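A.B. asks: Can you read through this structure? Questions will come right after.
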Amino acid sequence: MVKDEYSPYKSHAAWFMQRSAYPLGDAHPERLEPFWAARRGRKAAENPLAWKCAGPFNVAGRVTALIAHPADPKRLYAGAAAGGVWRSTDGGLHWEDCWPEWINPHIGALAFDPADPATVFCATGEANVSPDAYPGSGIAVTHDGGDHWELVADAAAEALPRRIGAVYPDPHRPGRVFIGGINLTESQFGGLYWSEDAGKSWHRENYFSRNSYWCHAIVSHPDGTVFAALYLGGPQTGIWRKTGRSWTRLGNGMPGGDLMGRISLAIASSNPDILYALASDRSGRSVLGVYRSCDRGASWTSIGGKEFENDNQARYNNTIAVHPSDPRIMACGVVDVHISRDGGTHWTRASQWNASPESPAYVHGDQHALLLPGGDLIYAAGDGGVFASRDLGANWEPRLTGMCNTMFYNIDVAPADGKVMCGGTQDNGTLLGGVRERPGDWMRVLFGDGAWTAFHPRETTHVYGSTSAIHIHHHTAAQHWGPDTWRDKTPEALTPAEHAQVAIAVLAIDPDSPSTLWFGSRRLWRTTDDAHTWEPVSPVFDGSAVTAIEIPPAAPDQVWVGTMSGGVYRSMDRGANWSGDLSGPEVPERYISRIETHPRSAERLVLTVAGTGVVSRMVPLHTQRSAYGIAAAKEDSLKHVFYSDNSGIAWRAIDSPEMPDVAYHAAVFETHEPYRLFVANDCGVWMTADLAKWTDVSAGLPNAIVNDLVYHHKERALIVATYGRGVWRAVMK
């Protein structure tokens, strides 16, 4: 049985890990890379579907890296956690995508070549210690400011970390580049690596250990001294200094390494003997301290005081920066941005994540990159995109326009109006599109981490939404969509254990009786009076969370449920009685991500299975071994799309060998002839008309995980929600 609770990561990471990474503990792009490479040069005009982005263009997702041109602080490059690289020439007022569809889109770090600012290094794979984005595939480089990119170092060929959070071209030694990486699974390595030929070949620093360790930051002194922030899981964790060929741990004035976790480093370019460090505690939940050294790291002084007592998640959001011309001005980013003008003697909490978004103090919480490019200008990048202040943090402005990198978990579209869409997102709440004057602008209607949404079949303003830890909200106000018109309708009888067990509660509206809504915990709940009263209408199925609910349009008395442990259950009488597990021997014991019935026949069902591409126990043992465990021969790969034409009595796999063996997240039938089937996975969207021959219809879509699909009957349109590139729409040809 699969456990719902994963670990100390942020709440939705458990959901993502079970969908995309189980059973390894970390997703892996090995199965995706050949498909990405094959898309190089593909023409969108040849695709059966013509995709168009529907936004959001005013709400940005997680940005993990941000750099400013050394001669022009308005020329910015931003790396998105799951949405490639973006660039701006006006300080972030407008952004454009500059990332090719054939390179891994999960960005960990960016850096300019000090000798040539037209050259930018991009390290793929997020290193913010959370499994809710894919690892990377190596290091890419552009020599023309982002117009063209090449993969200069392939992670597999060079044995590089798959999650790189620091890339540092040494400004004092041309051609030398450092990277720092982490790992979330034993099958991968983390650590400090360096190249002497601008990234073409790489060496690993094994001084600290030949086993895996984590490196979060690297800086260098003009005299050639190198400083690295290392997490070694014990007393040796801390800041290390290399002079010549010798490494020394710098601990004077800092806590013991056994108490320390992730550390960020900054060196004052105007006085490189001065260094600053921001350290989390061992658990990664809190800030352990902020430290300053004025003697090249020989001794350190604690300067944080009580400033960071209320900040948390310092393993996930942890960044530091120092002013280029005044070494006393420095900034730290955890949940909020904190600024000191006197080397840490006094601090100002310069941003407030919980302020009104219209407030000049508001910056979206969870900081991953800070820039102090000069003067009083400061940029902050985090889970809500990029923000800027022109007065050193006194007032802030969002710099989001055009950066369509929102990370959607789910999407639904109003059946009565195909322009109105609503979906849950990572740390950007529940977003509503199609109701604002400017096309592509969306409205935040629920806050925090959004989850599932479901529209009434006939009333556009009648919609439900769920948020983290199973909280159900209901909206019915005509033409008024703001957060104040949504009402919490969570059943009081829902137990604390159910609230805590799963981050995303799946919703389904009965198409025959729209006042009936279903949602799942470990059991199924139902309301028949528009969420005024609720009752549980099933047993606990198999101990794991409900992950899919289907009410067949052709037989609305039936209810189908899929679970995180691969169970499939059916009621023929609206929940009064339930079958046992109908999954059978063909369906792997993995996360059932979607159950979809044919529009004309309730006996014909499709289900999709998530999980990584590691073979299940049912696969024959004539396998090939790889660096990531046992990988099946191509014909024996784990299947992910299953079909039954007899109401679940028997299932057969229908995905073809040409389709990627990755996590599949959704399926939907066209509701007009020829009733084509579409499925969504970590590699895009695939289509079949006969349940045998499949076509990749992703040309024109960005390279992104596709988490959800909706077919809109009235407009004959397919709408997809991506995890990192917003929402896209295509009208059927």
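The values are calculated or read from the model by the stated rules, or taken from the named source; none is laboratory data. Just so it is clear, the model here is predicted, and its values are computed rather than measured. Cβ placement follows ideal geometry from the backbone for every residue including glycine, while neighbour counts extend to all protein chains displayed.
A.B. asks: Mind counting the residues in the range 536-560 that are without any contact (Cβ under 8 Å) to a residue 24 or more places away in the chain and touching a Ser or Thr at 6+ places or on another chain (Cβ under 8 Å)?
C.D. replies: Count: 0.
A.B. asks: Which of the residues belonging to the range 127-156 are more than 28 Å from ALA314 (Cβ to Cβ) and at pLDDT below 95?
C.D. replies: Within the range 127-156, just ALA156 meets the criteria.
A.B. asks: Which of the following residues is within 25 Å of GLY374 (Cβ to Cβ), in contact (Cβ under 8 Å) with a residue 60 or more places away in the chain and either surrounded by fewer than 21 Cβ atoms within 10 Å (Cβ to Cβ) or not assigned by TED's automatic domain parsing to the domain that holds HIS338 (or both): HIS172, HIS221?
C.D. replies: Values: HIS172 fails: in contact (Cβ under 8 Å) with a residue 60 or more places away in the chain.
Only one candidate passes the filter, namely HIS221.
A.B. asks: Are any residues in the range 110-149 free of Cβ contacts under 8 Å to residues at least 60 places away in the same chain, over 18 Å from TYR168 (Cα atoms) and charged (D, E, K, R), and if so, which ones?
C.D. replies: Answer for the range 110-149, where residues must be free of Cβ contacts under 8 Å to residues at least 60 places away in the same chain, over 18 Å from TYR168 (Cα atoms) and charged (D, E, K, R): ASP144, ASP147.
A.B. asks: Name the strands (runs of 3 or more DSSP E) wholly inside the range 651-732 in which the number of residues that are among the small types (Gly, Ala, Ser) is 1 or more. Spell out the reasoning first.
C.D. replies: Numbers: elements: 664-669, 677-681, 684-688, 694-696, 705-712, 717-723, 727-731.
Ranges flagged: 664-669, 677-681, 684-688, 717-723, 727-731.
A.B. asks: Here is a further query. Yes or no: the range 208-215 includes at least one residue that is within 20 Å of GLY333 (Cβ to Cβ) and part of a strand (DSSP E or B). Walk me through it before giving the result.
C.D. replies: In the first step, residues of the range 208-215 are kept if they are within 20 Å of GLY333 (Cβ to Cβ); the result is 214-215.
From what's left, part of a strand (DSSP E or B): 214-215.
Yes; the residues of the range 208-215 include at least one that is within 20 Å of GLY333 (Cβ to Cβ) and part of a strand (DSSP E or B).
A.B. asks: Please enumerate the residues belonging to the range 344-396 that are part of a loop (DSSP other than H, G, I, E, B), within 20 Å of the chain's Cα centre (by Cα) and among the aliphatic types (A, V, I, L, M).
C.D. replies: Of everything in the range 344-396, just one residue is part of a loop (DSSP other than H, G, I, E, B), within 20 Å of the chain's Cα centre (by Cα) and among the aliphatic types (A, V, I, L, M), namely VAL363.
A.B. asks: Give the residues of the range 457-467 that are closer than 15 Å to VAL445 by Cβ and in a loop (DSSP other than H, G, I, E, B), sorted by residue number.
C.D. replies: As a first pass, look at the range 457-467 and keep what is closer than 15 Å to VAL445 by Cβ: 460-467.
Those that are closer than 15 Å to VAL445 by Cβ and in a loop (DSSP other than H, G, I, E, B): THR460, THR461, HIS462.
A.B. asks: How many of the residues making up the range 326-364 are β-branched (Val, Ile, Thr) and either closer than 24 Å to ILE182 by Cα or free of Cβ contacts under 8 Å to residues at least 12 places away in the same chain (or both)? Explain how you work it out, then say what you get.
C.D. replies: In the first step, residues of the range 326-364 are kept if they are β-branched (Val, Ile, Thr); the result is 329, 334-335, 337, 339, 345, 348, 363.
Then drop every residue that is not either closer than 24 Å to ILE182 by Cα or free of Cβ contacts under 8 Å to residues at least 12 places away in the same chain (or both), which leaves 334-335.
Looking only at that region, the number is 2.
A.B. asks: Give me a count of the residues in the range 400-422 that are under 18 Å from the mean Cα position of the chain (by Cα) and either of a type in the set (D, E, K, R) or under 23 Å from TYR362 (Cα atoms) (or both). Break it down stepwise before answering.
C.D. replies: So the first thing to find is which residues in the range 400-422 are under 18 Å from the mean Cα position of the chain (by Cα), and the list is 400, 403-411.
Add one more test, that the residue is either of a type in the set (D, E, K, R) or under 23 Å from TYR362 (Cα atoms) (or both), and what stays is 400, 403-408.
Summing the residues that are under 18 Å from the mean Cα position of the chain (by Cα) and either of a type in the set (D, E, K, R) or under 23 Å from TYR362 (Cα atoms) (or both) in the range 400-422 gives 7.
A.B. asks: Which of the numbered conditions does ASP417 fail, given that it passes all the others? Conditions: (1) in contact with an Asp or Glu (Cβ under 7 Å, 6 or more places away or on another chain); (2) within 30 Å of THR460 (Cα to Cα); (3) acidic (Asp, Glu).
C.D. replies: (1)
A.B. asks: In this structure, is GLY199 part of a loop (DSSP other than H, G, I, E, B) and buried (at least 23 other Cβ atoms within 10 Å of the Cβ)?
C.D. replies: Numbers: part of a loop (DSSP other than H, G, I, E, B): yes; buried (at least 23 other Cβ atoms within 10 Å of the Cβ): yes.
So GLY199 passes the test.
A.B. asks: So which residues in the range 179-194 are under 20 Å from ILE218 (Cα atoms) and surrounded by fewer than 23 Cβ atoms within 10 Å (Cβ to Cβ)?
C.D. replies: Filtering the range 179-194 for residues under 20 Å from ILE218 (Cα atoms) gives 179-183, 189-194.
Scanning the range 179-194 gives ASN183, PHE189, TRP194.
A.B. asks: Just give me the residues in the range 88-131 being of a type outside the set (A, V, I, L, M, F, W, C), part of a strand (DSSP E or B) and surrounded by fewer than 19 Cβ atoms within 10 Å (Cβ to Cβ), in sequence order.
C.D. replies: Within the range 88-131, the subset of a type outside the set (A, V, I, L, M, F, W, C) is 88-92, 94, 96-97, 100-101, 104-106, 108, 113-114, 116-117, 119, 124-126, 128, 130-131.
Applying the additional criterion that residues be part of a strand (DSSP E or B) yields 88, 96-97, 108, 113, 116-117, 119, 124.
Matches in the range 88-131: GLU96, ASP116, PRO117, THR119.
A.B. asks: Within the range 282-320, which residues are under 18 Å from ASN271 (Cβ atoms), free of Cβ contacts under 8 Å to residues at least 40 places away in the same chain and surrounded by 22 or more Cβ atoms within 10 Å (Cβ to Cβ)?
C.D. replies: TYR291
A.B. asks: Related question: Can you name the residue in the range 649-681 that is among the acidic types (Asp, Glu) and touching a His at 6+ places or on another chain (Cβ under 8 Å) and, of all such residues, is modelled with the lowest pLDDT?
C.D. replies: Quick first cut of the range 649-681, residues among the acidic types (Asp, Glu) only: 655, 658, 661, 670, 673.
Restricting the remaining residues to those that are touching a His at 6+ places or on another chain (Cβ under 8 Å) gives 655, 661.
On the way: ASP655: 94, ASP661: 89.
Applying the filter and picking the extreme gives ASP661.
A.B. asks: Can you find a residue that is among the small types (Gly, Ala, Ser), assigned by TED's automatic domain parsing to the domain that holds ILE549 and modelled with pLDDT of 90 or more anywhere in the range 633-647? Please lay out each step first, then the result.
C.D. replies: Within the range 633-647, the first condition is being among the small types (Gly, Ala, Ser), and the residues that meet it are 633, 637, 644, 647.
With the extra rule that they be assigned by TED's automatic domain parsing to the domain that holds ILE549, the set shrinks to 633, 637, 644, 647.
Restricting the remaining residues to those that are modelled with pLDDT of 90 or more gives 644, 647.
Yes, the range 633-647 contains a residue that is among the small types (Gly, Ala, Ser), assigned by TED's automatic domain parsing to the domain that holds ILE549 and modelled with pLDDT of 90 or more.
A.B. asks: Going by what's in this entry, would HIS323 be described as assigned by TED's automatic domain parsing to the domain that holds LEU259, free of Cβ contacts under 8 Å to residues at least 40 places away in the same chain and crowded, with 22+ Cβ neighbours inside 10 Å?
C.D. replies: Details: assigned by TED's automatic domain parsing to the domain that holds LEU259: yes; free of Cβ contacts under 8 Å to residues at least 40 places away in the same chain: no; crowded, with 22+ Cβ neighbours inside 10 Å: yes.
It is false that HIS323 is assigned by TED's automatic domain parsing to the domain that holds LEU259, free of Cβ contacts under 8 Å to residues at least 40 places away in the same chain and crowded, with 22+ Cβ neighbours inside 10 Å.
A.B. asks: Which residues, counting only those in the range 38-69, are among the hydrophobic types (A, V, I, L, M, F, W, C), outside any strand (DSSP E or B) and at pLDDT 90 or above? Break it down stepwise before answering.
C.D. replies: To start, the set of residues in the range 38-69 that are among the hydrophobic types (A, V, I, L, M, F, W, C) comprises 38, 44-45, 49-51, 53-54, 57, 59-60, 63, 65-68.
Applying the additional criterion that residues be outside any strand (DSSP E or B) yields 38, 44-45, 49, 57, 59-60.
Matches in the range 38-69: LEU49, PHE57, VAL59, ALA60.
A.B. asks: For the range 403-448, which residues satisfy the criterion of being farther than 23 Å from VAL710 by Cα and not assigned by TED's automatic domain parsing to the domain that holds ALA508?
C.D. replies: MET403
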